[in-house]
Amino acid sequence: AQTVTQSQPEMSVQEAETVTLSCTYDTSESNYYLFWYKQPPSRQMILVIRQEAYKQQNATENRFSVNFQKAAKSFSLKISDSQLGDTAMYFCAFPDRGSTLGRLYFGRGTQLTVWP
Amino acid sequence: EPEVTQTPSHQVTQMGQEVILRCVPISNHLYFYWYRQILGQKVEFLVSFYNNEISEKSEIFDDQFSVERPDGSNFTLKIRSTKLEDSAMYFCASRDRQGTEAFFGQGTRLTVV
């Protein structure tokens, strides 16, 4: 069974600074996807970024980028130039390849607070 | 931009009552899901649905739960006799094909009193 581990329950960063949220996972698959979702205080789940495991290039979406290390099974999220609106719970998610429709496993989340 | 829509945003119900949570997935999506998040805990999978039948369900999804897609656009989750521990945020999600990201609705906060 797959597992997803987020070892940082809480993090804080000053506005305009850079922060990295960590995620590790366990799988025996060779080709898969990984996702970071953001959950602001409104509690909606918003996709931040996704990474395809067969691509060596790290995914980037504006201020958000990943550091994907396949051998180490590590998938960290870097937020550059942090903004107050980035304050949210961030979940790393991983589809269960043994699942017919790819149910997602979520980590326990990291609560990020951006302060002025 | 297409989005998954859930109604109501907040539902308060008495223990033992039936509730129906409604979702309108993105129109060209094929795979549908319900997830649950108890306050302060991680998001948990409940059930997946494809081609008008349940594809997979978790141990949480017992006989008190059911899903259906009554009219080709709505996707509903019914809890027959709610318990206090059913209080949670319920998320509907949809996806167009294997390997792509799931899009989540804004959630329904269910409070059982």
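Regarding the range A:45-55, can at least one residue be identified that is open to solvent by 50 Å² or more (accessible area, probe 1.4 Å), outside any loop (DSSP other than H, G, I, E, B), at pLDDT 95 or above and within 24 Å of B:F91 (Cα to Cα)? Within the range A:45-55, none of the residues are open to solvent by 50 Å² or more (accessible area, probe 1.4 Å), outside any loop (DSSP other than H, G, I, E, B), at pLDDT 95 or above and within 24 Å of B:F91 (Cα to Cα).
When every residue of the range B:73-91 is checked against the conditions, at least one turns out to be under 12 Å from B:Y33 (Cα atoms) and within 12 Å of another protein chain (Cβ to nearest Cβ).
For the range A:23-44, the set of residues classified as of a type in the set (K, R) and part of a strand (DSSP E or B) consists of A:K38 only.
Scanning the range A:84-100 for residues that are in a loop (DSSP other than H, G, I, E, B) and out of contact with any Lys or Arg (no Cβ under 8 Å at 6 or more places or on another chain) gives A:T87, A:R97, A:G98, A:S99, A:T100. Every test in (1) within 13 Å of chain A (Cβ to nearest Cβ); (2) open to solvent by less than 50 Å² (accessible area, probe 1.4 Å) is passed by B:S9 save one, and that test is (2).
Would you confirm whether or not the range B:21-34 contains a residue that is under 20 Å from A:L47 (Cα atoms), open to solvent by 10 Å² or more (accessible area, probe 1.4 Å), at pLDDT 90 or above and away from chain A (no Cβ under 14 Å)? Yes, the range B:21-34 contains at least one residue that is under 20 Å from A:L47 (Cα atoms), open to solvent by 10 Å² or more (accessible area, probe 1.4 Å), at pLDDT 90 or above and away from chain A (no Cβ under 14 Å). When A:V114 is tested against the conditions (1) within 25 Å of A:Q14 (Cβ to Cβ); (2) in a loop (DSSP other than H, G, I, E, B); (3) more than 15 Å from the chain's Cα centre (by Cα), the lone failure is (2).
Condition check for B:F45 on (1) surrounded by fewer than 18 Cβ atoms within 10 Å (Cβ to Cβ); (2) without any contact (Cβ under 8 Å) to a residue 40 or more places away in the chain: one failure, at (1).
The values are calculated or read from the model by the stated rules, or taken from the named source; none is laboratory data. All of these numbers come straight from a predicted model, not from anything done at the bench. When we count neighbours, we look across all protein chains shown, and the Cβ atoms used for this are built from the backbone with ideal geometry, even at glycine. Quick note on the areas: whole protein, heavy atoms, side chains included, nothing else; ligands and nucleic acids left out. Shrake-Rupley method; radii C 1.70, N 1.55, O 1.52, S 1.80 Å.
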